[in-house]
Structure formats: C-alpha cells, structure tokens
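Working notes, beginning with the structure itself.
The values are calculated or read from the model by the stated rules, or taken from the named source; none is laboratory data. All of these numbers come straight from a predicted model, not from anything done at the bench. When we count neighbours, we look across all protein chains shown, and the Cβ atoms used for this are built from the backbone with ideal geometry, even at glycine. Ligands, DNA and RNA are excluded from the accessible area calculation, which covers all protein heavy atoms including side chains. Shrake-Rupley method; radii C 1.70, N 1.55, O 1.52, S 1.80 Å.
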Amino acid sequence: MSARLYSRTVAVSAVTATSAELGYPVTDLLTPQIRRQWRSVGTGAQTLDIDLGAVLINPVFALQGCNAGAFTVSHGSAAYTTVSLGVLSTAEDRHGTRRISIATSGSVRYLRLVTSGTPTDGAGYWWGGALYVFADTTLLPDNPLLGSEANPLYPQTRVDLPNGQRLVFDRGAPRQQLNLRFRTPRSTDIDALVRLARRGPCWLDMGMPANRELQWPVQFDSDTATRTFAQAAQDESSIPLYEIA
C-alpha cells in the first residue's frame with residue numbers, strides 16, 4: 001500500500017464521443033456532478049477522446065462514475081494511439097459508484113478511452129459522470145492507520161406518515177465521508193494533504209491493488225483537522241475529507 005494524492009486540476013481543451021443522447025452531451029463529463037451525465041446512443045462500442053490542448057508531463061486522468069467494466073486506453077503527445085495501455089478495469093465501491101484513474105508517463109496531450117464489454121448496470125446506453133485531469137502527484141509520507149473510516153452518505157429526505165410508513169426521497173448521488181488517521185514523525189508535513197484538498201479537487205488513491213475502488217475525488221471542507229501529540233517525537237492527525245459526487 002502506497003497512498004498518493006493527485007492535485008492541480010487541468011482544464012480539458014476538448015472532449016468528443018462516438019455518440020451522445022439528446023440532453024446528455026459529452027461535455028457533461030467536464031462538470032463534477034456525476035448525475036449530470038454523458039450518455040451514448042445505444043450500447044455499441046464508444047470512443048471518448050480527450051484533448052488537453054497542450055502537452056503535459058505525467059498527467060493523471062480519472063473518471064468518477066460510469067457503467068463500463070473496462071476501457072481500452074491509449075495516449076500520446078501527437079496522436080491518440082501512440083502508446084497503448086491495453087484494457088484497464090474500472091472498480092465499483094460498496095455504494096455503487098464505479099471509477100478509474102489512469103496514471104500516464106512522459107509527454108501526453110491526448111487520451112482515448114474505448115468502452116469494452118457491455119454496460120455493467122444493464123442500461124441501454126453507456127454513461128460517464130465526471131472527468132478529472134491532474135498535473136501533480138504527491139506520495140503521502142505515511143499511509144492511513146488502521147481505524148481510518150470511509151462512511152457512505154446517502155443524501156435523502158425522509159417523511160414519516162401517520163400510518164407508520166416512511167417515504168424516502170433521493171436527493172443526490174451517494175458519497176463517502178472519509179476520516180483518515182495518521183501517525184507521523186513531528187517533522188513530517190502530513191498537513192500538506194489538507195492544504196492541497198482545500199485549494200481544489202484532488203484524487204486520493206489508497207494504492208491498494210486488490211481494492212482499486214478505494215480511490216476518490218476529494219475535497220477538504222471541515223473547520224479543523226485534529227493533531228494529537230501522541231509520543232515524544234510523533235503526532236497523530238485526523239483528517240476528514242469528502243468525496244465529490
């Protein structure tokens with residue numbers, strides 16, 4: 001396990017798709033709300049082409065929310081298919097959001113994603129939620145301790161009826177509330193995680209190959225991040241983050 005944080009979002013110059021259903025344009029991928037979706041016309045193979053407008057070194061692409069079990073991925077600095085990364089699988093977390101992050105190396109301007117298989121949710125179309133591109137990668141100085149939490153939050157309104165029944169109205173996409181605990185040497189700047197996540201959207205990847213769903217687009221919006229003097233030369237930190245959904 002080697003946790004890392006991707007930060008400094010990069011604006012996408014252009015994104016195109018093989019097809020788009022009326023009212024669900026591919027440009028919806030550039031908004032952070034995963035329920036504001038791009039949808040294809042039918043379930044035939046779809047190609048998503050992403051153009052950054054200029055070459056970046058080692059950018060990371062991430063897709064939050066989709067119904068593709070895998071994508072065939074390629075990228076390049078002068079063409080979409082210069083470098084093939086093969087077929088990369090997405091991962092679904094326990095509250096049903098499927099996501100993928102793609103770390104590239106070298107000079108990259110273009111990325112191509114081609115849907116593979118059939119929609120995982122049985123829909124008559126492919127869909128995608130929110131696309132992020134990050135320019136910076138920060139390897140966290142320590143991994144979160146055992147006892148860190150990832151709790152799903154379900155935005156909803158509940159109405160208790162006189163007959164004892166309860167109605168529940170869905171108010172948005174579920175998201176994770178993360179509470180990460182660290183124990184680090186006092187000289188370690190673990191609060192860099194807070195500063196970066198306060199500046200704008202980041203992508204936290206717990207770095208667990210067997211559990212690729214343990215990664216999220218995150219921000220820090222809390223009033224505080226607790227620091228406890230645990231030992232003579234070590235501190236414990238509790239850092240709350242919320243998943244952007």
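Probing with 1.4 Å while keeping every protein chain in the model, the per residue accessible area of the chain equals 49 Å². Label-to-label distance, Asp191 versus Ala78, with points set 7 angstrom from Cα along the beta-carbon direction: 4.8 nm.
Rounding to the nearest 20 debye, state how big the charge dipole of region 108-199 is about its Cα centre with +1 on each Lys and Arg Cβ and -1 on each Asp and Glu Cβ. Can you show the working numbers first?
Working: 12 positive and 8 negative charges, 44 e Å.
Roughly 220 debye, rounded to the nearest 20.
Of Arg98, Arg195, Arg158, the residue with the greatest mean-square motion in the GNM of the chain, using alpha carbon springs below 10 Å, is Arg158. The modelled label-to-label distance for the pair Asp51/Arg94, using points 7 Å beyond Cα in the direction of Cβ, is 4.3 nm.
Packing-based ranking of 165-173, 145-153 yields 145-153, 165-173, ordered from highest to lowest mean Cβ neighbour count within 10 Å. In this structure, Thr16 and Gln231 have a Cβ-Cβ separation that, at R0 = 51 Å, corresponds to a calculated FRET efficiency of about 0.40. Here is the tail figure for region 133-242: Cα pairs spaced more than 22 Å apart come to 43 percent of all pairs.
Working from label points 7 Å from Cα in the Cα-to-Cβ sense, the Ala103 to Leu153 distance is 2.9 nm.
Taking N as the number of residues in region 107-182, what value does Rg over Cα atoms divided by 2.2 N^0.38 Å take? Walk me through the intermediate numbers first.
On the way: Rg = 20.0 Å, N = 76, 2.2 N^0.38 = 11.4 Å.
Output field value: 1.76.
Considering region 52-137, its Cα convex hull presents a mean projected area of 5.8 nm².
Computed from Cα atoms alone, the Kirkwood hydrodynamic radius reported for the chain is 19.3 Å. Surface composition of the chain: carbon plus sulfur atoms hold 49% of the accessible area, using a 1.4 angstrom probe and ignoring ligands, DNA and RNA.
Note on region 71-113: percent of Cα-Cα distances in each 5 Å bin, starting at 0 and stopping at the bin with the largest distance, equals 6, 22, 27, 18, 12, 8, 5, 1.
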